[in-house]
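What follows is a set of notes on a single structure, which appears directly below.
The values are calculated or read from the model by the stated rules, or taken from the named source; none is laboratory data. Note that this is a predicted model, so its numbers are computed, not measured. Here the Cβ positions follow ideal geometry from the backbone for every residue, glycine too, while neighbour counts run over all protein chains shown.
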């Protein structure tokens, strides 16, 4: 199972949310393609022991718990990248799931939902970057009131958080032992499931801590040896983003359940944030995404607008909803989305001749100005065009892009939506307008590293800072740029202990919008493979897969592909004797001849960008193989995403 498992799980559940959906080969912006190092994170990375012990071969043991806690590293701790994948009745870790892995016995996890506890209660967890690990014990600590679990099963999977589990151990815990270990023969696992079958007390259940002890069989390489960066995990960008995700999921669902209406600053923006997180291999609750999408679809009016923000307010909620669907569809590979198409049809009718979508709500910065509404409309219209091929959607989006091109931005958010829209969909002439805006934003950065809502504001906000960081990424600014690093430090430093970010200066105080934008700014900061890791993989296997973004249905490199190209360039500059073949590959969706031609053109585009950077043409060749050399099953979106790649092949 690769890091995109959460996105795949979402796809598997979409029938509940949207009826019958079909899936499309994403010629542009492949969402779920794993980074080159993902293959190294597969089972072989943990040594020969992992290869020889698939979970299906495990022998189930009835284990007697022990008060003697075995030595070894607790690899489930949040401090070293442990993560709750799911808990029964909760979205992600829920409100208290992180207590299980926080290393403290002062906090207690309790089941969420109805007053009566329903068994089994299942807790699924994973380790750093969902990498495989050898484990030999699970340690359970119960509350002082002895309300811990009684009968429990432990299961392991090397496949996904939802599939491929085999039982490792069955145990009856002793209510008189506060902390007890369940030991078993070493087993290799990516996802660990604890099934709580009953409790020591009939009406209460709680756990203060779960520890998972790493084993050390012969030939095994520990997680920390494979990932020395674990030492800095708690202060890392990914840790902060994951905490934000873990806060967004239950908080959004609580709001939805309580209010039973569509909120511009809740469902659509949370859906956007989670979609960006899925695209970048974070742990995202498929149940949360499914239920948000299902609820949004119930608010689709007959004429195509999104209901519930007020009888006189239609454009603002509709453009938000359409934007949320666009990001979601792109991240999960949806081919045909009726709700998005109907929203797009409605939005076309609302556009002014200039392409502007005038707002009908003014609650800055959550809902503010024509740049935001028009930019979101353009995103939705382009995604509707990608799904349907209806030229009228593209033509309407082009009108909106023309408006954004000529209009003069006033606020930070105005600049952001102009950058996002022109970077993604603009012509070369329109994209040329992005660089001056980036320089302007750089000059407006506050001393604390953040950005304010206007150029004059000296008060930074998580919302504006997250927006700027996301715009930087979409425009191809390196995450190693000083201004980017300063913005990241501001966000990491202002995150609350709960995982959210404070409301800032919004007219309607809300943690959802700043947290969503902070998560996007951080989660979108996907670090490209470094040139030295590319060299190591080429020396080892002779080839390495890259997942590079191109314009829809074209061989034009997207701006956000430049950081990857820069690392390939550095690889060639540092190794003057290295010659490469650049090979393009697709999945099997679409005609064979078209896919072969597209893969050839895209490989040639990569070569062209390297030659333009003064790499000798004689060191490079290109070829396209379309769908003929798959590396994964084309029957699933996860497999198709892996097959859509550009490979560097050593000559």
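Results for (1) assigned by TED's automatic domain parsing to the domain that holds residue 299; (2) surrounded by fewer than 24 Cβ atoms within 10 Å (Cβ to Cβ); (3) at pLDDT below 95, shown as yes or no for each residue.
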residue: 195; (1), (2), (3): no, yes, no
residue: 212; (1), (2), (3): no, no, no
residue: 246; (1), (2), (3): yes, no, no
residue: 250; (1), (2), (3): yes, yes, no
residue: 259; (1), (2), (3): yes, yes, yes
residue: 263; (1), (2), (3): yes, yes, yes
residue: 268; (1), (2), (3): yes, no, yes
residue: 273; (1), (2), (3): yes, no, yes
residue: 278; (1), (2), (3): yes, no, yes
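Just one residue in the set 395, 440 is modelled with pLDDT of 95 or more, assigned by TED's automatic domain parsing to the domain that holds residue 316, more than 25 Å from residue 483 (Cβ to Cβ) and out of contact with any helix residue (DSSP H, G or I) (no Cβ under 6 Å at 6 or more places or on another chain); that residue is 395.
Apart from one condition, residue 531 fits all of (1) in contact with a strand residue (DSSP E or B) (Cβ under 9 Å, 6 or more places away or on another chain); (2) farther than 30 Å from residue 246 by Cβ; (3) surrounded by fewer than 20 Cβ atoms within 10 Å (Cβ to Cβ); the exception is (1).
Listed conditions (1) out of contact with any helix residue (DSSP H, G or I) (no Cβ under 6 Å at 6 or more places or on another chain); (2) crowded, with 24+ Cβ neighbours inside 10 Å are all met by residue 314, apart from (2). The set of residues in segment 461-495 that are assigned to a loop (DSSP other than H, G, I, E, B) and at pLDDT 95 or above contains only 495.
Taken over segment 349-376, the criterion of being surrounded by fewer than 17 Cβ atoms within 10 Å (Cβ to Cβ) and at pLDDT 90 or above is satisfied by 349, 352, 353, 354, 358. Selection of segment 349-407 for residues being in contact with a strand residue (DSSP E or B) (Cβ under 8 Å, 6 or more places away or on another chain) and part of a loop (DSSP other than H, G, I, E, B) yields 359, 361, 364, 365, 368. When each of 320, 327, 262, 295 is tested for being part of a loop (DSSP other than H, G, I, E, B) and either farther than 18 Å from residue 520 by Cα or in contact (Cβ under 8 Å) with a residue 24 or more places away in the chain (or both), the lone residue that passes is 262. Residues in segment 421-437 that are part of a helix (DSSP H, G or I), without any contact (Cβ under 8 Å) to a residue 60 or more places away in the chain and surrounded by fewer than 20 Cβ atoms within 10 Å (Cβ to Cβ): 428, 429, 430, 435, 436, 437. Listed conditions (1) crowded, with 21+ Cβ neighbours inside 10 Å; (2) in a loop (DSSP other than H, G, I, E, B); (3) out of contact with any helix residue (DSSP H, G or I) (no Cβ under 9 Å at 6 or more places or on another chain) are all met by residue 93, apart from (3).
Can you report the number of residues in segment 111-149 which are part of a helix (DSSP H, G or I) and at pLDDT 90 or above? Break it down into steps so the answer makes sense when it comes.
From segment 111-149, those part of a helix (DSSP H, G or I) are 128-130; that's our starting set.
From the residues that got through so far, the ones that are at pLDDT 90 or above too are 128, 130.
Total satisfying the criteria: 2.
Residues that are over 17 Å from residue 93 (Cα atoms), assigned to a strand (DSSP E or B) and in contact with a strand residue (DSSP E or B) (Cβ under 7 Å, 6 or more places away or on another chain) within segment 186-209 comprise 186, 187, 188, 189, 199, listed in sequence order.
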